[in-house]
Amino acid sequence: MKNVLKIFVLLIIAFFLIGLNLSCKKTTPTETPTPSASESQSQTPQADDLTNLDSSTALEEITANFNTAKQKAALWQTDATLYSSSAKITKSLQWKDVIEVYTFGSPTQPAFWWTISISVRSKNYVRAIIPKEDYLGANLVPVRTQYWKINYVEAFQIAEDNGGKEWREKQKDNNYQTTATLAHGEPKGYLYWMIEYQLTDGSDKKTIQIDANSGEVINE
């Protein structure tokens, strides 16, 4: 009788354990597939990509570079005045790869521009004196900085939304460069950003003009 009772108890325990195991299997949630490394990278925008970089975060560093340019220009001529600013953007679109170029003029050196090129990444710079006939011409006027309300990061993003991105995607297998140039020009002599996308061999390009004060696209 005792043996029968033991067998009965063991059967009850066995059924209990089997039921518990089945219950656990039923309630275990289905695992969510982990995205591959390539999928994760494609879904996460790069923080330094000019297409999605917050232009306000770049403003402090751009301002610091401009102040460096002004200080160095004053060593050339105390009355040096900014006539143009540009940003050379590589195909990588990484902000740290940008080279900023500031061009100054002085009445005491009417035939020459004084330029300084500054690397955003390293802060290294190169200064040069260039005859106006070799670079930019002699028809520029001093930049009225009160109308300089949009930096080149924001100007580039506006250009991207107005045909620039489309042009780049068509040329993705070719070598090209993008330059954002700030200067007064036509129409109306206002201060504009000219965003120029151009193949390195010069065979094709697209230029988008943006009002540096309002952000309005003048032409596409």
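The values are calculated or read from the model by the stated rules, or taken from the named source; none is laboratory data. It should be emphasised that the depicted structure is a prediction, and the values quoted were computed from it without experimental measurement. Cβ: placed from backbone, ideal geometry, glycine included. Neighbour counts: every protein chain shown. Calculation scope for accessible area: heavy atoms of the full protein, side chains included, ligands and nucleic acids excluded. Shrake-Rupley method; radii C 1.70, N 1.55, O 1.52, S 1.80 Å.
Things to note:
- Solvent-accessible area per residue, Å², over the range 118-219 with all protein chains present [probe radius 1.4 Å]: 56 Å²
- Close amide-amide hydrogen proximity is noted between Ile218 and Gln209, Ile210, Asp211, each under 5 Å apart and 5 or more residues distant or on a separate chain (H modeled in the peptide plane; Pro and chain starts excluded).
- Measuring between alpha carbons in the structure, the pairs from Lys91/Lys205; Lys123/Lys172; Lys96/Lys132; Lys132/Lys170; Lys91/Lys132 lying more than 25 angstrom apart are Lys123/Lys172; Lys96/Lys132; Lys132/Lys170; Lys91/Lys132.
- From the C-alpha gyration tensor of the range 116-220, square roots of 5λ in Å: 22, 20, 15
- When you count the other C-beta atoms within 10 angstrom of each residue and take the mean per peptide, 154-163, 52-61, 121-130 line up highest first as 154-163, 52-61, 121-130.
- Here the contact order of the range 162-220, divided by its residue count and restricted to Cα pairs under 8 Å and six or more residues apart, works out to 28 percent.
- Distance in nm between pseudo-label sites at Tyr135 and Lys123 (7 Å out along the Cβ direction from Cα): 2.3 nm
- Distance (nanometres) between label positions extended 7 Å along Cα→Cβ at Asp97 and Trp148: 2.6 nm
- Protection-proxy order for peptides 146-152, 202-208, each taking the mean of Cβ atoms within 10 Å per residue, highest first: 146-152, 202-208
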